[in-house]
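Let me begin by presenting the structure, written as structure tokens, before commenting on it.
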Amino acid sequence: MLQQPSGRIEEALKKYALDVHDEEVKAAVKQLIAEKVHENDTPEVKKFLMGSVELTTLKTTDSETSVMAFTEKVNQFEEAYPTLPHVATICVYPKYAKIVSETLEVEGVEVACVSGSFPSSQSLIEVKTIETQLAVKDGATEIDIVMNVGAFLDGDYDTVVDEIQQQKEACGDHAMKVILETGCLKTARNIKTASILSMYAGADYIKTSTGKLDPAATPEAAYVMCQAIKEYYNETGIMIGFKPAGGLNTVIDALIYYTIVKEVLGEKWLTNKYLRLGTSRLANMLLSEVVGEDVRFF
């Protein structure tokens, strides 16, 4: 049985256009891709996108040794390619925050940790907040959490908001990304509503997916999320970042998301602070296209 949100949340949601329709979104995205992506298929954009990559390792087989070697690759990149932008972030499990922060030598690369019982978010809120606090204590400069999707689908928006707010408090001054797991939300209306709730609750970024479930990121979900970010900015004056993650398999995928951000949100969002790409496989693909030969650096 669906629950009714409290008055404060109902009032907050009334400010936004939540009546979005899937077929209209699909048509708009199809037209945008057909008309605009080719304009952004340039070396300059690909170089920029390299600097927006969140180099990520979230494997069962991760270890201190493997994560240290992973981080050393970022250190070595700056020496090997001094004219190219380094990645924006290294993203790992919380237990490796200390290893990354102590190994990383490159200025400007953030240390991100997935937290709050990633990827399911199925844990007690006390456990989620403690995990976040420990990650920050060990050197995480950004935190990625998963929205309570089950509570959202039950209509329990108060729990969704409360849990995000508590985890944001646990982050302190550090940026927090809220993963919506858009493949589980199914509809454009749900994605728009979840986006607004997450930003209202304190998200600094909204992120499509964990990459652990299918479907992960889609252009349609990205389009709706960027519309939500734009409306939220128009209402509050607060710029919220966007991160597609999961299923970014080709350079064209990256160009599509870049194009959506450019067309919906505008040039202000085309920095590696406000646009992030959650992927590792794309780093080598983008690097190969920029340097003009097949490279397997990362």
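Rounded, prolate or oblate for region 1-144? Axes are the square roots of the Cα gyration tensor eigenvalues, ordered a ≥ b ≥ c, and the cut-off for rounded is a/c under 1.5. Since a/c reaches 1.5 but b/c is at least a/b, the shape of region 1-144 is classed as oblate.
Can you give the relative contact order of region 39-196 as a percent, counting alpha carbon pairs under 8 Å and 6+ residues apart?
17
The calculated Kirkwood hydrodynamic radius for region 20-70 is 14.7 Å, given to one decimal from all distinct C-alpha pairs.
Karplus-derived 3J(HN,Hα) values for region 205-219, using 6.51 cos²θ - 1.76 cosθ + 1.60 with θ = phi - 60°, are 9, 10, 10, 5, 8, 7, x, 9, 10, 10, x, 9, 5, 9, x Hz; glycine and proline are entered as x.
Would you mind computing Rg(Cα) / (2.2 N^0.38 Å) for region 247-298, counting N as its residues? Walk me through the numbers on the way to the answer.
Numbers: Rg = 12.0 Å, N = 52, 2.2 N^0.38 = 9.9 Å.
Compared with the compact-globule rule of thumb, region 247-298 sits at 1.21.
In region 188-247, inverting the average of 1/r over every pair of distinct C-alpha atoms gives 11.5 Å as the Kirkwood radius.
At a temperature of 25 °C and a viscosity of 0.890 mPa s, determine how fast the chain diffuses translationally according to Stokes-Einstein, using the Kirkwood radius over alpha-carbon pairs as Rh; express D in µm²/s, rounded to the nearest whole number. Rounded to a whole number, D works out at 127 µm²/s.
Any of Lys137/Lys177; Lys14/Lys36; Lys168/Lys207 with alpha carbons more than 24 Å apart? Name them for me. Each step should come with its number before you reach the end.
Values: Lys137/Lys177 18 Å; Lys14/Lys36 32 Å; Lys168/Lys207 15 Å.
Pairs exceeding 24 Å: Lys14/Lys36.
Note down the relative contact order for region 191-295 as a percent, whole number, built from C-alpha pairs under 8 angstrom at least six residues apart. Relative contact order here is 27 percent. Karplus-derived 3J(HN,Hα) values for region 179-184, using 6.51 cos²θ - 1.76 cosθ + 1.60 with θ = phi - 60°, are 8, 8, 6, 4, x, 7 Hz; glycine and proline are entered as x.
The 3J(HN,Hα) values that the Karplus relation (6.51, -1.76, 1.60; θ = phi - 60°) gives for region 231-240 are, in residue order, 5, 5, 5, 5, 7, 10, x, 9, 7, 10 Hz. Gly and Pro appear as x.
Counting Lys and Arg as +1 and Asp and Glu as -1, what is the net charge of the other residues whose Cβ lies under 15 Å from the Cβ of Gly211?
Values: positive: Lys59, Lys177, Lys207, Lys212, Lys243, Arg276, Arg281; negative: Glu54, Asp62, Asp144, Glu181, Asp214, Asp253.
Residues close to Gly211 contribute a combined charge of +1.
Across q = 0.19, 0.21, 0.26 Å⁻¹, region 129-218 modelled as identical point scatterers on its alpha-carbon atoms has Debye log10 I(q)/I(0) values of -0.81, -0.96, -1.31, in the order of the q list. With contacts taken as Cα pairs under 8 Å and at least 6 residues apart, region 134-240 reaches a relative contact order of 25 percent. Take the Cα pairs of region 81-157, get the Kirkwood Rh, then feed it into Stokes-Einstein at 25 °C and 0.890 mPa s and tell me D in µm²/s. Answer from the Stokes-Einstein relation: 181 µm²/s. Mean residue ellipticity at 222 nm, helices only, the chain: -15000 deg cm²/dmol; runs of at least 4 DSSP H residues each add -39,500 (n - 2.57), and the sum is divided by the number of residues. Calculated on the Cα set of region 209-298, radius of gyration then Dmax: 14.0, 46 Å. Take the chain, connect every pair of alpha-carbon atoms lying under 10 Å apart with a spring to form a Gaussian network, then pick out the residue of Pro219, Pro244, Pro43 with the largest mean-square fluctuation. Among Pro219, Pro244, Pro43, the largest mean-square fluctuation in the Gaussian network model of the chain belongs to Pro43.
Read-outs: derived from the displayed coordinates by stated rules, not from any lab. Keep in mind the model is a prediction, meaning the values are calculated, not measured. In this analysis, Cβ positions are derived from the backbone assuming ideal geometry, glycine residues included, and neighbour counts consider all displayed protein chains.
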